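Some notes on the structure that comes next.
Rule-based calculations on the coordinates, nothing more; no lab input. Everything quoted here is computed from the prediction, not taken from an experiment. Backbone-built Cβ (ideal geometry, glycine too); neighbour counts: all protein chains shown.
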Amino acid sequence: MQKIRLGVNIDHVATVRNARGESYPSPLRAALLSEKYGADSVTIHLREDRRHINELDLKLIRSKLKIPLNLEIASTKEMLKISLRQKPSFVCIVPEKRKEITTEGGLNLNHKKKFLKKMINSLKKNGSRISLFIEPNIKAIKICKELNSDCVEIHTGKICNLINKRKPYKHEINRIKNAVNYAHSLGLEVHAGHGLTYESAKVLKKIKNISEFNIGHFLIGESIFIGLSKSIKQFKKIIKKK
Ligand code: PXP
């Protein structure tokens, strides 16, 4: 039986810390507790503007965490240099706009394609597994394969919004299913993430061949009320394959 992995994104522990310019709550503590409570990996996004996670967080988490660290970065020379130095097990390349509240969509793979290819190759040679964050789109998946990525992460923001607003999502789920099947048929490992809640995770986990979910904002929000241990366990229960 295929096991679906849960990656816990702890960026928003750093958001709360930075809101007051204090040293707490500690992202390192959140990372180590996520490991203890059953996360399969921990995700952090080192943004160019360092609005939540900073380089010290990255260093500390990288040195203490035993499960894989999934580092999300934009495709820039600075981020490549940092990732080559820190050697995270997983790297997920994401688009980044300074003014966005969160990662609003998938990568435009035709932009800076040459640099992206070079970046992927050097990170792979350095021992990191590479994932590209994309829209559920066949053309994008073809390019991911061309670029020699190991995985694709499908942006689930749109379907999660539809589910939250109780709007029909059949068209969007079919788009995701087609994308997942196509990526899987090319030998790419398929991940999914963005905006997932208990309810949307229940819908998406029914799609075959998604092997990893990366969940942050809702999971960290839930942990305010029920604790990190319970929110991780609840998501693990939901995504467990029957
Ligand atoms: N996956 C990727 C690639 C992301 O950029 C994010 C957001 O940082 C997530 C998953 C998690 O999204 P959310 O915080 O909405 O659960």
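Mean sequence separation of contacting Cα pairs (under 8 Å, at least six apart), scaled by the length of the chain, corresponds to a relative contact order of 21 percent. Between the range 1-33 and the range 198-224, the alpha-carbon centres lie 16 Å apart. Working from Cα pairs under 8 Å separated by at least six residues, relative contact order for the range 26-72 is 48 percent. The charge dipole of the chain, taken about its Cα centre with unit charges on the Cβ atoms of Lys, Arg (+1), Asp and Glu (-1) only, comes to about 540 debye. Expressed as a whole percent, the proportion of Cα-Cα pairs in the range 102-188 lying more than 23 Å apart is 27%. For the listed peptides 30-39, 184-193, a ranking on the average number of other beta carbons within 10 Å per residue, highest first, reads 30-39, 184-193. Projecting the Cα atoms of Asn214, Leu46, Leu60 onto the charge dipole of the chain (Cβ charges, centred on the Cα centre) puts Asn214 farthest toward the positive pole. Taking N as the residue count of the range 38-184, its C-alpha radius of gyration divided by 2.2 N^0.38 Å amounts to 1.07.
Computed 3J(HN,Hα) for the range 125-133, one whole-Hz value per residue from the Karplus formula 6.51 cos²θ - 1.76 cosθ + 1.60 where θ = phi - 60°, is 4, 7, x, 8, 7, 10, 10, 10, 8, glycine and proline marked x.
Each residue of the range 114-124 was assigned a 3J(HN,Hα) from its phi angle through the Karplus expression (A = 6.51, B = -1.76, C = 1.60, θ = phi - 60°), giving 4, 5, 4, 5, 4, 4, 4, 5, 5, 5, 5 Hz with x at Gly and Pro.
Computed from the alpha carbon positions, the gyration tensor of the range 108-242 leads to an equivalent ellipsoid with semi-axes of 27, 18, 13 Å, biggest first. Taking the charge dipole of the chain about its Cα centre, with +1 at Lys and Arg Cβ atoms and -1 at Asp and Glu Cβ atoms, the residue from Gly106, Ser23, Ser149 reaching farthest to the positive side is Ser149.
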